[in-house]
Amino acid sequence: MRLQAVDVTLGYGDRTVVDGLDLGIETGTVTTIIGPNGCGKSTLLRALGRLLKPTGGRVLLDGKRIDRLAGRDVAKILGILPQTPTAPEGLTVADLVARGRHPHQSWYRQWSSDDEGVVAEALQLTGLLDLAERPLDELSGGQRQRAWISMALAQGTDLLLLDEPTTFLDLAHQVEVLDLVRRLHGRGGSTIVMVLHDLNLAARYADRLVAMRDGRIVTAGTPREVLTEEMLLAVFGLEAKVVPCPVSGAPLVVPIGRAS
């Protein structure tokens, strides 16, 4: 397993959000965590990315306790895109992506042509090379998300954690960002963990789904194994039909609702 949560308990102050959870992320897979609002999805992702320290249990990165590794060493292995990233006003795309190289800098190793090459490659992979000098706040929502992903790529990691990367994007930009995620995975076999709200996009773009409710994992497996009518009712309280998607063949959730 590339990344593991072992009997992990997480919370904020006196409030426990996740209690005694176990999860393994397989190397080279795209794993998407789904579940209703407030179930602990983003909290779990923060712990996997070492942004939140467990109150119990442990998180393992390549078999080693992540809390015992130096922050700079973790940043060379793992890149994380939080739910609502912010950047200073006027920052250009190239400047943002260059920040991904900070873990590789030190007093004896300053900015080099190798760093320039890594940044250029990250911009090329995300289709942003022509926008490198454009201020970040002048980009569309989809372009901004690609810029943040490009920064994570510039870290030189093959393990990416993405917390709701399609939030606030229209459907076309959601597909654009998730197509990019799949291209990155296909190019180098990256291990990617995402939190998504859209169940149909999750089914289409993920190798594995993890369904959570009330701070625990209800079920995990392939999209076909996880996205069942019984699971949707138990986890989301949603009456729905699950049919094959006419485009991808993945499970397609069709809510019934009162309008039906």
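A compact table of results
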| quantity | calculated |
| --- | --- |
| Selection status of ASP163, crowded, with 17+ Cβ neighbours inside 10 Å, modelled with pLDDT of 85 or more and of a type in the set (Asp, Glu) | yes |
| Of the criteria (1) buried (at least 18 other Cβ atoms within 10 Å of the Cβ); (2) closer than 20 Å to TYR205 by Cβ, which one ALA47 fails | (2) |
| Scope the range 1-58; condition β-branched (Val, Ile, Thr), in a strand (DSSP E or B) and within 18 Å of THR157 (Cα to Cα); matching residues | ILE25, VAL30, THR31 |
| Residue match in the range 108-115 (condition: of a type in the set (D, E, K, R), open to solvent by 20 Å² or more (accessible area, probe 1.4 Å) and either over 20 Å from ILE77 (Cα atoms) or at pLDDT 85 or above (or both)) | no |
| Selection from the range 63-88 of residues that are within 21 Å of ALA154 (Cβ to Cβ) and either of a type in the set (S, T, N, Q) or assigned to a loop (DSSP other than H, G, I, E, B) (or both) | LEU69, ALA70, PRO82, GLN83, THR84, PRO85, THR86, ALA87, PRO88 |
| In the range 21-39, the residues that are open to solvent by 10 Å² or more (accessible area, probe 1.4 Å) and either of a type in the set (D, E, K, R) or in contact with a Gly (Cβ under 7 Å, 6 or more places away or on another chain) (or both) | ASP22, GLU26, GLY28 |
| Given (1) open to solvent by less than 20 Å² (accessible area, probe 1.4 Å); (2) under 17 Å from THR31 (Cα atoms); (3) not acidic (Asp, Glu), number of the condition GLY186 does not satisfy | (1) |
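The values are calculated or read from the model by the stated rules, or taken from the named source; none is laboratory data. A quick note: this is a predicted structure, and the numbers were derived from the prediction, not measured. FYI the Cβ positions are ideal-geometry reconstructions off the backbone, even for glycines, and counts take in every protein chain you see. Side chains are part of the model used for accessible areas, which takes the heavy atoms of the whole protein and leaves out ligands, DNA and RNA. Shrake-Rupley method; radii C 1.70, N 1.55, O 1.52, S 1.80 Å.
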